[in-house]
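Trainee: Please read through the structure below; I'll follow up with questions.
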Amino acid sequence: MPADSDVELPHTWRPLGVRLAGAFFGGLLLVVCAVAWFTFDPETRAKFTLFQRGTLVFLGAIAFAAGFALVRSRVVAEGDRLVVVNGYRKRTYEWAEVLAIHLPPGAPWAVLDLADGTSAPAMGIQGSDGGRARLAVRQVRSLLG
């Protein structure tokens, strides 16, 4: 295992557990829905109106969008800045703006303490990843100085 300070820039941290769960359960949901639809007899399928089919597609799109937002979360350390992508929101911080990073026991993700007195979530480092998340926090701390 590399030392905490052995981080080559740029470096990206992504949540492993969330990505695996999103891919597995998203795929499983898609398979279950497809099997259910095709096991209906033609009479039952014909009873669905265009509005009802559209509603099902819309709900599926919302589920996909929510899962994709979690899966695309990441923290990227670059030479001059730290980029945090939480869902569909991207924040860029100069290194001087980030004072510390914390991952308290039981916390869902890491939290950045910022120079303006606020804090910001870093969902790319998920507490559910255990040791992998703790290593990521130590690596970001080593970059903070």
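The values are calculated or read from the model by the stated rules, or taken from the named source; none is laboratory data. Just so we're clear, the structure is a prediction, and the values are computed from it rather than from any experiment. For neighbour counting, all protein chains shown are included, and Cβ atoms are generated from backbone atoms with ideal geometry for every residue, glycine included. Quick note on the areas: whole protein, heavy atoms, side chains included, nothing else; ligands and nucleic acids left out. Shrake-Rupley method; radii C 1.70, N 1.55, O 1.52, S 1.80 Å.
Trainee: In the stretch 105-145, how many are in contact with a strand residue (DSSP E or B) (Cβ under 8 Å, 6 or more places away or on another chain) and either not in a loop (DSSP other than H, G, I, E, B) or not small (G, A, S) (or both)?
Mentor: Of the residues in the stretch 105-145, 24 are in contact with a strand residue (DSSP E or B) (Cβ under 8 Å, 6 or more places away or on another chain) and either not in a loop (DSSP other than H, G, I, E, B) or not small (G, A, S) (or both).
Trainee: Checking the condition open to solvent by 40 Å² or more (accessible area, probe 1.4 Å), in contact with an Asp or Glu (Cβ under 9 Å, 6 or more places away or on another chain) and at pLDDT below 95, which residue from L56, L9 passes?
Mentor: It is L9.
Trainee: Just the residues that are hydrophobic (A, V, I, L, M, F, W, C) and under 27 Å from A23 (Cα atoms), please, taken from the stretch 83-104.
Mentor: V83, V84, V85, L103
Trainee: Being modelled with pLDDT under 95 and surrounded by 13 or more Cβ atoms within 10 Å (Cβ to Cβ) is the filter here, so list the residues in the stretch 74-87 that pass it.
Mentor: Within the stretch 74-87, G87 is the sole residue that qualifies.
Trainee: Tell me, which residue of the stretch 88-115 that is of a type in the set (V, I, T) and without any contact (Cβ under 8 Å) to a residue 24 or more places away in the chain is surrounded by the most Cβ atoms within 10 Å (Cβ to Cβ)?
Mentor: In this case the residue turns out to be V111.
Trainee: Would it be correct to say that V18 is touching a Leu at 6+ places or on another chain (Cβ under 8 Å), surrounded by 14 or more Cβ atoms within 10 Å (Cβ to Cβ) and not in a helix (DSSP H, G or I)?
Mentor: no
Trainee: Output the residues belonging to the stretch 30-85 that are of a type in the set (V, I, T) and free of Cβ contacts under 8 Å to residues at least 24 places away in the same chain.
Mentor: Listed by number, the residues that qualify are V31, V32, V35, T39, T44, T49, T55, V57, I62, V83.
Trainee: Something else now. Which of the residues spanning the stretch 63-85 are more than 14 Å from T12 (Cβ to Cβ) and within 16 Å of the chain's Cα centre (by Cα)?
Mentor: A63, F64, A65, A66, G67, F68, A69, L70
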